Amino acid sequence: MNEECRMKKWRTTAQFLFLHSSFFILPLLLISCTTVFAPQQTFSGATPLEWSQRLADSEMARFHSTPKLDYAVGLFSLSLLKLDAVAPDARYLKFSESAVGSLVLPDGKIQTYNPAEFQLDSLNPGKTILALWQITHEDRYKNAATILRAQLDTQPRTFDGGFWHKQRYTNQMWLDGIYMGDVFYAEYAKLSGETNSFDDVAKQFRLIDEHTYDTNTGLNYHGWDAAKIQPWANPVTGRSSNFWGRAIGWYAMALVDVLDYFPTNHPARPQIIATFQKLCSGVVRWQDPQTGLWWQVMDQGARKGNYLEATASSMFVYALAKGVNRGYLPRADAAAAEKGFDGIVKNLIKDDGGGKWSLTQCCSVAGLGGSPGNGKMRDGSFDYYMSEPVVKNDLKGVGPFILAGIELQQLANNQ
């Protein structure tokens, strides 16, 4: 298939995706010969979609990572495919095919993937693989997605049926894992007709909420140890001790994204929506009133050492804006999303010159337990979350910022 035909086919597929998942088509208003357009909403002189394009183009220009089955690369690649569907640019598909598609062999086997590790993180690139399959119709992508899906058949579980975050994180559920594994699980189930799988998907969301939600703050703890023996776990509840922004951001995105694939007539759907609404109420409560951003440890903004963090802020803006666009959240929450996006652009986006832009103040990585590289024990304490490096242009922030811009643009158009 030549390049022109392939791209034409991709555009048609992109339109289908937007109508049947989280994608959308920007409204085209055809009025009579006298046409009056409302002024476009801008943030520091550019529309949300233009900001998405700026950061996407800047990150592609500096990207030099060796291809591997990486959850952050999967997130960034997926954001580019969604951006391409509303602001077409052949480079976005080409990048995704290079970064993720290059790992998929003709028979569907995935280089750098080790199923014996039982990492939920390894499933996140499966979303990009599913998107590439729908765009290109290449069987290798379908086969690769099936290989990833098979991991869940034998994924270790807690006593009540929750997926372990990884094989080496025994008896543990993390908020991160809900985004990594269960959204892919739901999308695969929808595309393949695995209707029975939605009960299991719903169970994962129900269990993580039951085990990590805190009624006093309206937030969720980062992780839960079913055995209640980890050094970071409360010996009574099994919960970790703090509300880490990005973990809650992963969870917020998981809740709003899984609804793209969850059957409208499934009895658990209203509960997932209610859980999302409950979480977003807490997220809005802890938004910094001055900047519109969110803190690394969300409920301790005034504590010395805490900082306004880019990846969580981008995730929350995306989840809030998409929730309003889909009708899950009240229109009033649009103000929080817009304030957050404005805060990111004004405080965390930096002009590097030459048409390049950077997203600053990103927490590099954080987890619970294990052997950290910086010598600090990953004990879930406030001091631990402050000890991890703060970097710029982390893909875990760049991807959600691109997605946030797409949803903010739709929000503005709907107004």
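The values are calculated or read from the model by the stated rules, or taken from the named source; none is laboratory data. Predicted, not measured: the structure shown is a model, and the values here were computed from it. Cβ coordinates were reconstructed from backbone atoms using ideal geometry, including for glycine residues, and neighbour counts include every protein chain displayed.
Determine whether the stretch 361-384 contains at least one residue that is part of a helix (DSSP H, G or I) and either closer than 21 Å to Ala252 by Cα or not hydrophobic (A, V, I, L, M, F, W, C) (or both).
Yes: the stretch 361-384 contains one or more residues that are part of a helix (DSSP H, G or I) and either closer than 21 Å to Ala252 by Cα or not hydrophobic (A, V, I, L, M, F, W, C) (or both).
Mind listing whichever residues of the stretch 57-79 are within 21 Å of Gly108 (Cα to Cα) and without any contact (Cβ under 8 Å) to a residue 40 or more places away in the chain?
Correct list: Thr66 only.
Looking at the stretch 234-251 only, could you name the residues that are touching a residue at least 60 places away in the same chain (Cβ under 8 Å) and among the hydrophobic types (A, V, I, L, M, F, W, C)?
Trp244, Ala247, Ile248, Trp250
Do we have Gly353 as closer than 20 Å to Lys396 by Cα and either surrounded by fewer than 19 Cβ atoms within 10 Å (Cβ to Cβ) or touching a helix residue (DSSP H, G or I) at 6+ places or on another chain (Cβ under 7 Å) (or both) here?
Against the criterion (closer than 20 Å to Lys396 by Cα and either surrounded by fewer than 19 Cβ atoms within 10 Å (Cβ to Cβ) or touching a helix residue (DSSP H, G or I) at 6+ places or on another chain (Cβ under 7 Å) (or both)), Gly353 does not qualify.
Given the criterion buried (at least 18 other Cβ atoms within 10 Å of the Cβ), of a type outside the set (Phe, Trp, Tyr) and either in a loop (DSSP other than H, G, I, E, B) or free of Cβ contacts under 8 Å to residues at least 40 places away in the same chain (or both), identify the matching residue among Gly282, Gly292, Gly305.
None of the other options fit; the residue is Gly292.
Quick grid of which residues meet (1) in contact with a Phe, Trp or Tyr (Cβ under 8 Å, 6 or more places away or on another chain); (2) under 15 Å from Ser98 (Cα atoms); (3) buried (at least 21 other Cβ atoms within 10 Å of the Cβ); (4) without any contact (Cβ under 8 Å) to a residue 60 or more places away in the chain:
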residue	(1), (2), (3), (4)
Leu120	yes, no, yes, no
Thr128	no, yes, yes, yes
Ala131	no, yes, yes, no
Ala145	yes, no, yes, yes
Ala150	no, no, no, yes
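Any idea which residue in the stretch 169-212 is nearest to Ile273 (Cα to Cα), counting only those that are surrounded by fewer than 20 Cβ atoms within 10 Å (Cβ to Cβ) and among the β-branched types (Val, Ile, Thr)?
Thr195
Quick check: is even one residue across the stretch 343-363 hydrophobic (A, V, I, L, M, F, W, C) and under 30 Å from Arg269 (Cβ atoms)?
no
Do the conditions hold for Val100, that is, is it aliphatic (A, V, I, L, M) and either surrounded by fewer than 24 Cβ atoms within 10 Å (Cβ to Cβ) or more than 29 Å from His222 (Cα to Cα) (or both)?
no
For Phe276, state whether it is in a helix (DSSP H, G or I), closer than 18 Å to Gly405 by Cα and not basic (Lys, Arg).
Criteria not met by Phe276.
Of the residues in the stretch 194-221, how many are assigned to a loop (DSSP other than H, G, I, E, B), more than 24 Å from Trp244 (Cβ to Cβ) and either in contact with an Asp or Glu (Cβ under 7 Å, 6 or more places away or on another chain) or without any contact (Cβ under 8 Å) to a residue 40 or more places away in the chain (or both)?
2
Please specify each residue of the stretch 213-238 satisfying the condition of being more than 18 Å from Phe276 (Cβ to Cβ) and surrounded by 21 or more Cβ atoms within 10 Å (Cβ to Cβ).
The answer is His222, Gly223, Trp224, Asp225, Gln230, Trp232, Ala233, Gly238.
Taking interchain pairs and intrachain pairs at least six residues apart, which have beta carbon atoms under 7 angstrom, with the first residue in the stretch 27-52 and farther than 29 Å from Leu359 by Cα and among the aromatic types (Phe, Trp, Tyr) and the second exposed (fewer than 10 other Cβ atoms within 10 Å of the Cβ) and modelled with pLDDT under 95?
Hits for this filter: zero, empty list.
Could you please let me know if Ser52 is polar (S, T, N, Q) and in contact with a Lys or Arg (Cβ under 8 Å, 6 or more places away or on another chain)?
Here the answer is no, as Ser52 does not meet what is asked.
Take the residues in the stretch 385-411 that are of a type in the set (Asp, Glu) and in a loop (DSSP other than H, G, I, E, B), then tell me which one is modelled with the highest pLDDT.
Among them, the one singled out is Asp394.
Can you report the number of residues in the stretch 93-110 which are of a type in the set (Phe, Trp, Tyr) and touching a Lys or Arg at 6+ places or on another chain (Cβ under 9 Å)?
Qualifying residue count for the region: 0.
Picking from Gln53, Gln41, which residue would you name as being within 26 Å of Glu338 (Cα to Cα), modelled with pLDDT of 85 or more and in a loop (DSSP other than H, G, I, E, B)?
Residue meeting the stated conditions: Gln41.
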